[in-house]
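J.: Provided herewith is a single structure, encoded as structure tokens, for subsequent inquiry.
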Amino acid sequence: MAAAAAVAEPKTKYDRQLRIWGDQGQAALEKASICLLNCGPTGTEALKNLVLGGIGSVTVVDGSKVELADLGNNFLLDEGCLGQSRAKSICSFLQELNDAVKAKYVEESPATMIDTNPSFFSQFTVVIATQLPESSLLKLDGICRSTNIVLVAARSYGLTGLVRVSIKEHCVIESKPDHFLDDLRLHKPWTELKQFAKSIDICDKDAVVHKHTPYIVILVRLAEKWADAHDGQLPSTRQEKREFKDLIRAHMLNVDEDNYKEAVESSYKVSVTPGIGNDIRQIIDDTSSEVNLSSSDFWVLVAALKEFIANEGNGELPLEGTIPDMTSLTEYYVSLQKIYHAKAESDCLAMEHRVKSILKRIGRDPESISRAYIKTFCKNTRKLRVCRYRSLEEEFSSPALSEVQKYFTDEDSCFAMNFYILLRAVDRLAANYSRLPGIFDSTGFTSEIDEDVPRLKLAAVSVLNEMGLNGASLSEDLITEVCRFAGAEIHPVAAFIGGVASQEVIKLVTKQFVPVMGTFIFNGIDLKSQVLAL
């Protein structure tokens with residue numbers, strides 16, 4: 001009884017998120033090890049979300065002591081923490097949120113750790129770097145990429161902030177797009193589906209049977225009828241598709257037949273282009289699909305998929321094996337479910353044989369990739385994604401100039417691009433003056449802000465010139481506002497940026513959903529966000 005309760009407890013605790021990423025995703029989270037650099041409000045908010053989600057372990061690296069200013073923007077700190085280690089205090093509070101998570105801390109400056117102990121980071125699944133200056137971030141990116149550790153950089157600065165993912169390659173099987181066409185194969189039904197469709201008389205005068213014939217059956221039968229009358233071709237032009245809908249309507253006995261209305265609404269599924277889409281074609285033609293002993297499981301499966309398409313698949317991907325809800329007699333619907341499931345199982349079995357053959361050929365254990373993993377892959381072959389990120393060094397030294405110019409001329413992207421440039425310029429000014437713009441010891445706030453505005457503008461021009469944007473100009477008002485920000489981490493902005501960062505970490509760890517491809521910029525002045533692909 002106690003053992004059963006121990007198993008049930010995590011399922012109860014994480015019930016809502018299990019519905020999103022399932023047992024496999026949760027297991028990946030519980031195995032993950034996260035390192036956070038700097039536990040200010042941005043980093044704390046990111047880590048808080050991950051701890052509540054059941055991440056395996058967290059290590060906080062921060063050499064600061066808790067100051068009075070920390071109490072105003074970090075809700076995990078209280079007056080009792082003043083003068084104490086910020087990393088230790090944060091870990092103590094995080095542990096209270098979820099005692100199943102292991103929390104450790106290192107009282108060390110992140111910049112010092114990066115410079116003196118780069119091997120420290122190789123033990124982690126993901127490194128979250130918050131509020132790091134550009135120089136330290138570039139070094140850290142090189143360290144993480146050399147050991148294939150995922151880096152998520154996050155920064156909040158006044159009313160703006162950014163999040164940037166950096167990793168050489170991230171392969172996603174369960175990308176879970178919001179909208180995707182059902183894999184029904186109505187354009188190319190297999191033998192068992194055609195036989196089942198032919199076993200049902202769509203001209204049956206029995207009103208109950210006629211209005212409860214599944215639309216899949218209606219479309220298979222009428223698509224075949226159309227093809228017989230059009231030299232084996234399915235409707236392709238707009239006019240032909242209209243005529244095909246008229247053909248469906250002509251078989252209705254009454255206007256209230258919902259199944260025929262569903263058939264009309266889904267008639268476009270008959271005209272799906274056969275074969276595979278361009279996105280998947282690029283993946284199977286990628287050089288990484290030429291596998292060897294060091295290839296990842298994902299690319300071994302892609303190699304098997306390529307062979308499957310050329311052989312058992314007859315130019316098609318493995319069937320997903322599920323059907324949507326529809327108006328139907330129960331016995332018809334259950335029969336259709338079994339037919340689709342059987343075809344999907346057959347395709348998965350063929351893929352499994354090819355995976356084992358490839359593993360044996362490259363010198364790996366043929367059983368080293370589980371059937372569950374292969375099955376998940378087969379169910380999602382139309383939704384595979386391969387994300388490759390440029391290094392920060394590449395982005396900074398040779399940005400995609402055409403994209404940058406487009407962002408500057410686009411009204412929606414222009415502010416985001418301005419913030420991107422100014423956040424980089426802020427670090428240059430800080431390197432020259434040993435302080436962020438807008439931070440002063442004296443009380444002459446207004447006059448000294450006026451002094452920092454041209455300094456920040458000069459630093460921004462330097463960034464623009466290095467990017468190949470000689471002559472480009474930034475908003476004078478925005479330059480002034482960034483100086484007025486004075487490097488503040490405002491809690492609402494920090495909470496938002498930390499939330500985005502933790503969301504990206506979850507995507508990367510579970511390998512579900514597609515991580516942000518580019519630099520995410522938040523504009524808190526206009527409450528807009530933009531992803532810049534630089």
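J.: If only one of T381, T376 is among the β-branched types (V, I, T) and surrounded by fewer than 20 Cβ atoms within 10 Å (Cβ to Cβ), which one is it?
T.: Of the residues listed, the single one that is among the β-branched types (V, I, T) and surrounded by fewer than 20 Cβ atoms within 10 Å (Cβ to Cβ) is T376.
J.: If a residue has to be surrounded by 19 or more Cβ atoms within 10 Å (Cβ to Cβ), of a type in the set (G, A, S) and farther than 16 Å from D62 by Cβ to count, how many in the stretch 82-108 make the cut?
T.: Here the count works out to 0.
J.: When you scan the stretch 473-483, do you find a residue that is touching a strand residue (DSSP E or B) at 6+ places or on another chain (Cβ under 9 Å), under 29 Å from L508 (Cα atoms) and of a type outside the set (F, W, Y), even just one?
T.: no
J.: Name the single residue, out of those in the stretch 412-469 being of a type in the set (D, E) and either at pLDDT 90 or above or more than 19 Å from L159 (Cα to Cα) (or both), that is least open to solvent (accessible area, probe 1.4 Å).
T.: D452
J.: Which one is farthest from D365 (Cα to Cα) among residues in the stretch 273-321 that are among the hydroxyl-bearing types (S, T, Y) and out of contact with any strand residue (DSSP E or B) (no Cβ under 9 Å at 6 or more places or on another chain)?
T.: T273
J.: Output the number of residues of the stretch 141-157 satisfying the condition of being buried (at least 19 other Cβ atoms within 10 Å of the Cβ), in contact (Cβ under 8 Å) with a residue 60 or more places away in the chain and assigned to a helix (DSSP H, G or I).
T.: Number of matching residues: 1.
J.: Look through the stretch 293-335, keep the residues that are part of a loop (DSSP other than H, G, I, E, B) and of a type in the set (S, T, N, Q), and return whichever of them is surrounded by the most Cβ atoms within 10 Å (Cβ to Cβ).
T.: For the stretch 293-335, the residue satisfying everything is S328.
J.: Within the group V163, V209, V217, which residue is surrounded by 13 or more Cβ atoms within 10 Å (Cβ to Cβ) and either within 30 Å of T147 (Cα to Cα) or among the basic types (K, R) (or both)?
T.: It is V163.
J.: Let me ask something else. Could you look through the stretch 258-274, keep only residues that are in a loop (DSSP other than H, G, I, E, B) and open to solvent by 30 Å² or more (accessible area, probe 1.4 Å), and pick out the one that is nearest to T213 (Cα to Cα)?
T.: Only one residue tops the list, namely V272.
J.: Could you tell me whether any residue of the stretch 340-361 is out of contact with any Pro (no Cβ under 9 Å at 6 or more places or on another chain), surrounded by fewer than 21 Cβ atoms within 10 Å (Cβ to Cβ) and of a type in the set (F, W, Y)?
T.: no
J.: (1) surrounded by fewer than 19 Cβ atoms within 10 Å (Cβ to Cβ); (2) over 30 Å from G25 (Cβ atoms): which one isn't true of H491, the others all being true?
T.: (2)
J.: Next question, about the same structure. Of the numbered conditions (1) under 30 Å from Y420 (Cα atoms); (2) among the acidic types (D, E); (3) open to solvent by 70 Å² or more (accessible area, probe 1.4 Å), E79 fails exactly one; give the number of that condition.
T.: So E79 meets the others, but not (1).
J.: Pull out all pairs, ordered by first then second residue, where Cβ-Cβ is under 6 Å, the residues are six or more apart or on different chains, the first lies in the stretch 385-399 and is at pLDDT 95 or above, and the second is assigned to a helix (DSSP H, G or I) and acidic (D, E).
T.: Final answer for the pair search is S391/D141; L392/D141.
J.: Additional query: In the list V386, V404, which residue meets the criterion of being among the hydrophobic types (A, V, I, L, M, F, W, C) and crowded, with 21+ Cβ neighbours inside 10 Å?
T.: Among V386, V404, only V404 is among the hydrophobic types (A, V, I, L, M, F, W, C) and crowded, with 21+ Cβ neighbours inside 10 Å.
J.: Evaluate the stretch 63-73: report whether one residue or more is open to solvent by 20 Å² or more (accessible area, probe 1.4 Å), more than 27 Å from K507 (Cα to Cα) and assigned to a strand (DSSP E or B).
T.: The answer is yes; a qualifying residue exists.
J.: Same structure, new question: Examine the stretch 110-130 for a residue that is part of a loop (DSSP other than H, G, I, E, B), at pLDDT 95 or above and touching a Ser or Thr at 6+ places or on another chain (Cβ under 8 Å), and state whether such a residue exists.
T.: yes
The values are calculated or read from the model by the stated rules, or taken from the named source; none is laboratory data. Computed from a prediction, not measured in an experiment: that's the story for all the values here. FYI the Cβ positions are ideal-geometry reconstructions off the backbone, even for glycines, and counts take in every protein chain you see. When the accessible area is computed, the model is the full protein with side chains, heavy atoms only, and any ligands, DNA or RNA have been set aside. Shrake-Rupley method; radii C 1.70, N 1.55, O 1.52, S 1.80 Å.
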